[in-house]
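**Student:** Mind looking over this structure? Questions follow.
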Amino acid sequence: MINLDEETKQNAKQLDHRYDGRLKVTGAAKYAAEFPVKDVVHGYIVQSTIPSGTVASIDDAAARHASGVLAVMTPFSAPKVTPNNNVNVLQDNRVLYNGQPIAVVVARSLPEAIHAATLLRVNYNPTPARLDFDALISESRPPKRNGVAWEPGTSPLPPGANRRGDVDAAFAKAAVTVDQIYTTPIQNHNPMEPHATIASWENGKLSVYDSTQGITGERQNLAHAFGLQPNDVHVECPFVGGGFGCKGSVWSHVLLAAMAAKVVQRPVKIAITREQMFGPVGSRPNTRQHIKLGADATGKLLATQHDVTLYASMFADFVEGSANQTNMLYASETLSTNHRLVEMNLGMGTFQRAPGEATGTLAFEVALDELAEKLNMDPIQLRLANYAEEDPGKKLPWSSKHLRECYADAAERFNWARRKPTPGQVREGNKLIGFGMATATYGANRSNSTAIVRILPSGRVYVGCGTQDLGTGTYTIMAQAAAMALGVDPSLVDVELGDSTLPRSGGSGGSQTAASVCPAVYQAALDVKQKLINLACNDSASPLHLANTESVSTRDGVLFTKSFPTKSEPFAALLSRSGTPIEATATAEPAKDRSTFSSHSWGAVFAEVAVDADTRTVQVRRVVGTYDIGTLMNRKTGINQLQGGIAWGIGFALHEEAHIDPTHGLTVNRNIAEYHVPVNADVGEIDVACLNIPDYRFSPLGARGIGEIGITGAAAAVANAVYNATGKRVRDFPITIDKLMA
Ligand code: MOS
């Protein structure tokens, strides 16, 4: 563990602008589909129109002879590859969901490819489809572990299952119980930038421009699929227009672009259309969450039971672990959690911002609101009565937890004291006003990361790392991490990322990038600073010549001795004598004693809603949140992520849902006009504060990561506020007008 010394703290400066902001607003930042690759041609994915069966035949004669067409790939003609099992890339003729890729047309231009796709004649052998979730619940099964089915009665429990104590005995003792079912719908990712890939081959080596949350993983995945060495695959991704989990997997279009490029021997671009975002690129599964709580008269949880059922595709499992945080968030004496999957003819489930916690905190924090009401207890008091002083699931101490301060700070700023516990009491004209609150939490993750830092004779600094910036601020905080270790202004740091030839880093998922990448940058910068000091002390032309290296410090790009600060030399003056840059590479790993503590981020989130008494439209007037996320590395990019997460939580509570046609298994509302996400008018005021208490036990810079916690709890706070306003408890999300009228 490196603890920041006083010198580094003094040198810590935040960039007050987003490093990549100017490039983005001027349009200079290039996204995957925008790279001007010579001779690029266009691939268009043709999707199945049935949910289940086989493709019997595809007559592609007319398409192949259409204007501009270079190739048609079908299950009967596509090159053989070795994909992961989460994608369908024309390797066989099975159809497992409506919208599955069944062909790719490659043409000179995109309009020609789209036109030729209409000329394909596809014959199917349909089979009965599994599309009725409720009817199939009786056939649910535990998730597989590494593809292996769980055998009843065997240990360990299936993935996502946890037990502590005798739940049934504890329920029997409970003074008050809640027993309810909460349901959340399928949701689809819609970042501003849809998925896109440009793939090209040269001398047997594959290069891709792709919008991805993990260039290193993608390189590995493509190498495996095409039987190449990882070094024969080059992935470039300098900018991502939003990831949120959907770009954490290598989906079919990436492989199909590379396959098509092989077939036509030219670079091929496949850009997923907005409509195709509701198809072969994953979605957040629906959840059915049965929650049973038993408490004593003081509100102490004696028993917690959280049983989750969700859909899984017919080809690979994905578990939205809605009950995972239930195992650690409150100190319930006994507990039982379970996840079960219902196989359906739908596309893959996948990671979507706080996968598990987003859906899980919604249901659980609403259940707690119901319990608080039964106990006639303030919702904050109920949570404090069950405050977990250590991780109750892992029985480990927290590396850092200041959730009490979050409740207190947010309650104060929100003016929670004004809340009327009995619903439907506050009216302003025709509006019913309600207050609600919930706890937010998300785990802290780190993975190995390597970075290079170089000081140039000009005095500027270069930082390189094979990570990626999803739009979250990775460029910005990498510049800051190098600058604080070196003692230079962060505006003098140039950052390079998103290229698989750079030193290796992990995927940007699980809110892990800040805590993984910045420590590596920081350590490399400390190492190069030491080299710089050694150089100065050994350079007879330097004013620092023969100074004790221990006595030399840096600030604002100048080396100086601590005892005689006027004995100094700028970095640029020192390095320009040799004209050679100096550099260092360092790797940072999770703390050696990581298994001895548990690390999570925390928050308290409060919402005020106004519900129209007649039309039942819900307006979220304001949300106030206070978060304990460790060090807030950069105010602008950090607060922005929390605000974005909260906006998403509002949509989760009130707007977002994919409607699946029960006969054909197609998403009916596959556009952003009918798939509702909150717009500015829906969001109101979002007031976010961070405690900014570093967690040095978890990571050297004290940051725990911030990308996902914002969505957690936010939807429940809104839902609880709607109940407080109306007295109507809606447990089937989103809370749409019709459900409030019924
Ligand atoms: Mo996040 S859903 O782990 O990209």
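**Student:** On the Cα set of the chain, report Rg and Dmax in Å, please.
**Tutor:** Considering the chain through its Cα atoms, Rg and Dmax are 27.4, 85 Å.
**Student:** Before anything else, pin down the relative contact order of the chain: Cα pairs under 8 Å, at least 6 apart, normalised by residue count, whole percent.
**Tutor:** 16 percent.
**Student:** A further question on this structure: Over what distance in Å are the Cα centres of the range 60-79 and the range 374-424 separated?
**Tutor:** Between the Cα centres of the range 60-79 and the range 374-424 lies a distance of 61 Å.
**Student:** Here's another thing I want to ask about it. Quick one: check the C-alpha center-to-center distance for the range 527-578 versus the range 151-202, whole angstrom.
**Tutor:** Cα centres, the range 527-578 to the range 151-202: 55 Å.
**Student:** Go through 322-332, 149-159, 728-738 and give me the packing order, highest mean Cβ count within 10 Å leading.
**Tutor:** 322-332, 728-738, 149-159
**Student:** Same structure again: Go ahead and estimate [θ] at 222 nm for the chain from helices alone: -39,500 (n - 2.57) per DSSP H run with n ≥ 4, summed, over the residue count, rounded to 500.
**Tutor:** It comes out at -7500 deg cm²/dmol, rounded to the nearest 500.
**Student:** To continue, here is another question. Please compute the net charge surrounding Leu15, taking Lys and Arg as +1 and Asp and Glu as -1 over other residues with Cβ under 11 Å from its Cβ.
**Tutor:** That works out to +1.
**Student:** Measuring from centroid to centroid over Cα atoms, what is the spacing of the range 265-340 and the range 85-145 in Å?
**Tutor:** 24
**Student:** Please report, to two decimal places, log10 I(q)/I(0) for the range 644-735 at q = 0.17 Å⁻¹ as given by the Debye formula with identical point scatterers on the Cα atoms and no solvent.
**Tutor:** -0.86
**Student:** Pull out the extension gain between Leu384 and Arg413, defined as 0.36 nm times the separation in residues minus the alpha carbon to alpha carbon distance; nm, one decimal.
**Tutor:** Gain on extension, Leu384 to Arg413, equals 8.6 nm.
**Student:** On average over all directions, what projected area in square nanometres does the range 17-122 have, based on the convex hull of its Cα atoms?
**Tutor:** Directional mean of the projected Cα hull area for the range 17-122 stands at 9.4 nm².
**Student:** Would you mind working out the magnitude of the charge dipole of the range 263-397 relative to its Cα centre, with +1 at each Lys and Arg C-beta and -1 at each Asp and Glu C-beta, to the nearest 20 Debye?
**Tutor:** Here the range 263-397 has a charge dipole of around 680 debye.
**Student:** Something else about it: Compute the normalised compactness of the range 220-271: alpha-carbon radius of gyration over 2.2 N^0.38 Å, N being the residue count.
**Tutor:** In units of the 2.2 N^0.38 Å rule of thumb, it is 1.21.
**Student:** List the residues, sorted by chain then number, that are 5 or more residues from Arg340 or on another chain and whose placed amide H is less than 5 Å from its amide H.
**Tutor:** It is Val308, Thr309, Leu310, by chain and number.
**Student:** Can you bin every Cα-Cα distance in the range 1-77 into 5 Å intervals starting at zero and give me the percent of pairs per bin, rounded to whole numbers?
**Tutor:** With a bin width of 5 Å, the distribution comes to 3, 9, 11, 11, 9, 9, 8, 8, 7, 6, 5, 6, 5, 3, 0.
**Student:** Follow-up question, since we're still on this one. Straight distance only, please: which lysines reach the Cα of Lys374 with their own Cα at less than 20 Å, same-chain residues fewer than 8 apart left out?
**Tutor:** Hits, sequence-local ones excluded: Lys173, Lys292, Lys300, Lys420, Lys728.
**Student:** Within the chain, what percent of beta bridges assigned by DSSP are antiparallel, to the nearest 5?
**Tutor:** The antiparallel fraction comes to roughly 75 percent.
**Student:** Right, here's the next one. Placing unit charges on C-beta atoms (Lys and Arg positive, Asp and Glu negative, everything else neutral), compute the dipole magnitude of the chain about its Cα centre in debye, rounded to 20.
**Tutor:** Computed charge dipole of the chain: roughly 440 debye.
**Student:** Give the peptides 590-598, 204-212 in descending order of average Cβ contacts within 10 Å, highest first.
**Tutor:** Descending mean neighbour count gives 204-212, 590-598.
**Student:** Could you go through the range 696-711 in sequence order and give the Karplus-derived ³J(HN,Hα) for each residue, using 6.51 cos²θ - 1.76 cosθ + 1.60 with θ = phi - 60°, rounded to whole Hz, and x for Gly and Pro?
**Tutor:** Karplus-based 3J(HN,Hα) across the range 696-711 equals 6, 5, 7, 8, x, 8, x, 8, 9, x, 9, x, 10, 4, x, 6 Hz.
**Student:** With both bridge residues required to lie in the range 166-251, what share of the DSSP beta bridges run antiparallel, to the nearest 5%?
**Tutor:** Once the DSSP bridges in the range 166-251 are tallied, antiparallel ones form about 60 percent.
**Student:** If I require 20 Å or longer along the helix axis, counting alpha carbons, and a Kyte-Doolittle average no lower than 0.5, what helices from the chain are left? Use full DSSP H segments.
**Tutor:** 513-537
**Student:** Using amide H atoms built 1.01 Å from N in the peptide plane, name the residues 5+ places from Gly349, or on other chains, whose amide H lies under 5 Å from its own.
**Tutor:** Ser283, Ser313, Phe318
**Student:** Now, a different point. Where Lys and Arg each count +1 and Asp and Glu each count -1, what net charge lies around Arg121 among other residues with Cβ under 14 Å from its Cβ?
**Tutor:** Summing Lys/Arg as +1 and Asp/Glu as -1 gives -1.
**Student:** Once amide H atoms are placed 1.01 Å from N in the peptide plane, what residues at a sequence separation of 5 or more from Asn669, or on another chain, have their amide H within under 5 Å of its amide H?
**Tutor:** Close amide H contacts, sequence-distant or interchain: His659.
Values in this text are rule-based calculations from the coordinates and carry no lab data. No experiment lies behind these values; they were computed from the predicted model shown. Quick reminder, even Gly has a Cβ in these numbers, built from the backbone with ideal geometry, and neighbours come from all protein chains shown.
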